[in-house]
1. Within region 19-47, which residues are under 19 Å from Ala5 (Cα atoms) and touching a residue at least 12 places away in the same chain (Cβ under 8 Å)?
2. How about region 2-23: which of its residues are part of a loop (DSSP other than H, G, I, E, B), modelled with pLDDT under 95 and exposed (fewer than 10 other Cβ atoms within 10 Å of the Cβ)?
3. What are the residues in region 24-47 that are among the aliphatic types (A, V, I, L, M) and outside any helix (DSSP H, G or I), if any?
4. Hey, among the residues in region 29-47 that are more than 10 Å from the chain's Cα centre (by Cα) and polar (S, T, N, Q), which one's surrounded by the fewest Cβ atoms within 10 Å (Cβ to Cβ)?
Amino acid sequence: MPHHADRPTKICVCCGRPFQWRRKWKTVWEQVRYCSDRCRNQARSKA
């Protein structure tokens with residue numbers, strides 16, 4: 001089984017796709033809402 005199978009996942013609020021924990025989000029995982037910069041920018045442009 002791959003080593004990343006036990007990583008936590010979330011659902012992107014913009015596109016609805018699941019995404020996994022990344023090391024760069026280690027300290028801010030609770031605040032992460034979007035899977036990518038593209039989704040984050042699209043959400044900002046809609047508001």
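The values are calculated or read from the model by the stated rules, or taken from the named source; none is laboratory data. Because the structure is a prediction, the values reported are computed rather than measured. Neighbour counts run over all protein chains shown; Cβ positions are idealised from the backbone, glycine included.
1. Phe19, Gln20, Trp21, Trp29, Cys35
2. Pro2, Pro8
3. Once the filter is applied, which keeps residues that are among the aliphatic types (A, V, I, L, M) and outside any helix (DSSP H, G or I), region 24-47 yields Val28, Val32, Ala47.
4. Ser45
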